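Data first, discussion second: the structure below is written as structure tokens.
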Amino acid sequence: MGDVSFVFLMLGFLVVITRPLTALLHELGHAIPAMLLTRQKVTVFVGSYGDKRKGFRIGAGLLEIWIKYNFFSWRSGLCITSAKHVSVNRQILIVLAGPIASTVITLTACYFTFVMDLHGAVKLILIVFLGCALLDLIVNLVPSSTPIPLSDGRTAYNDGYRLKQLINYKSLSREYDAAVGAYNEGSYAEASKILEGMLRKGQTGEEVYRLAISSCMQAGDYGAAKGLTEKFRSFYELDANDYGSAGLASSQLGMYEEGLVCYEKSLQLDPSNKYTLNNMGYTLNLLGRHREAILLFDRAIEEDNSFAYPYNNRGLAKLKCGMEEEGLSDIRYSFGLEADNSYGYRNLGIYHLDRKEYAEALKLLQKAKQLDPKTHLIEELILEVESHIRTSQKKCN
């Protein structure tokens, strides 16, 4: 009886040890194909659903791994690719590779272990490992509609449910892939036209809506993006990025207070969202609330000190607060991060406009427009400067 208890105890111990390692192989199974297929950065979380606290980071090229110190929490994990939009076929491969990877690796190890007739303890460990891998395969490939709450407030679903969604998209993949191709080539108006056609046909998946909204935003059609977001929220819960986009659309349309409400909701779900922090600060600048804006730009820079926009926007806020040297330094630094930064030139133009140096202001504002004709309020600023120049010329005459 004692021997039987010991065997069960050992088996239980092996399951506890091997289960977290199975989860690690599962997430790497997602990550490696994602890197190969997208050539973009991939982030893996081991032991959490996106939480970077109480753990350590490993970086290797395009792969970033955040691992919790608590080994026994490794049973959970998450893989995020930074590629904005990936075709349906590639998404299916990436999702399938996770649960399959741990099973294939363990089966291969078992095969060689038995062929080489290694020690019985090694065989036992690998058999247990294989059992955990097969369990992982079944649990993850059986679709479950139970949402998994992520650390940033969003929700996700297991691999089986995700595959079910993607297979449903296969029926419309030709149109969707055409939209993704147009988006990736910078033909945003074309992409939005394809996607809005799909939505009219009742193809109202999350990916279709999100890509349609993003396409309208990139094309500068903020009214259409706002309308699509309102329809989207009637089907799905908005995540931090969705609220951030809604806030930006409202800000671009001059609906600043409505934009601030959206930004607040975004930051409630993800306080470290650098885009929301920057865009909310930008909106506060437009409202003349420059000191509040500076605090948000500081936070955005803390999150990513290679992000040019919070530097040039903080520079303008400081200039408006009378901190001339610091403000100009911030804007100049932003050019070192992104030389063709239209908002840097715009903000320098506003600085010279405030100083009534209209010729220099016009030159800088026209440069901003040349770099990006969609730069916010650029036409209005140029018209204002030209009006001042005409008035000055009349006075001289």
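Bear in mind these aren't lab numbers, they're just calculated from the coordinates by the rules spelled out. Computed from a predicted structure; not experimentally measured. Virtual Cβ from ideal backbone geometry, glycine too; neighbours counted across all protein chains shown.
The Ser144 and Leu107 beta-carbon pair, evaluated with R₀ = 30 Å, returns a calculated FRET efficiency of approximately 0.75.
Computed over the chain with a Gaussian network model linking Cα atoms closer than 10 Å, the most mobile of Ala339, Ala361, Ala31 is Ala339. Between beta-carbons, use under 13 Å as the cut-off and find the net charge around Gly98, counting Lys and Arg +1, Asp and Glu -1. Computed value for this residue: -2.
Using a simple spin-label model with pseudo-atoms 7 Å out from Cα toward Cβ, Lys201 and Cys396 lie 6.1 nm apart.
Helical runs assigned H by DSSP (4 residues or longer) give the chain a calculated mean residue ellipticity at 222 nm of -23500 deg cm²/dmol, each run adding -39500 (n - 2.57) before division by the residue total.
Full extension of the chain between Ser387 and Ser329 gives 18.0 nm of extra length, using 0.36 nm per residue less the Cα-Cα distance.
Between Glu264 and Arg53, the modelled label-to-label distance comes to 2.3 nm, taking each label 7 Å out from Cα in the direction of the beta carbon. Taking other residues whose beta carbon is less than 13 angstrom from the beta carbon of Ile58, and scoring Lys, Arg as +1 and Asp, Glu as -1, yields +1.
Once volume of the Cα convex hull per residue in Å³ is calculated for the structure shown, the corresponding label among (1) 146; (2) 224; (3) 167 turns out to be (3). Between Asn168 and Glu237, the FRET efficiency from the beta-carbon distance, with R0 = 22 Å, is close to 0.65.
Partner lysines whose Cα lies under 28 Å from the Cα of Lys231, excluding those fewer than 8 positions away in the same chain, are identified as Lys84, Lys164, Lys170, Lys193, Lys201, Lys265, Lys274, Lys374. Loop-located GluC sites (Glu not before Pro) across the stretch 228-321 with a Cβ neighbour count of 14 or fewer within 10 Å are Glu237, with loop assigned by DSSP. Looking at the chain, the DSSP beta bridges with both ends there are about 70 percent antiparallel. Along the charge dipole of the chain, pointing to its positive end and built from +1/-1 on Cβ of Lys, Arg, Asp and Glu, which listed residue (Phe307, Leu284, Leu93) has its Cα farthest out? The residue sitting most towards the positive pole is Leu93.
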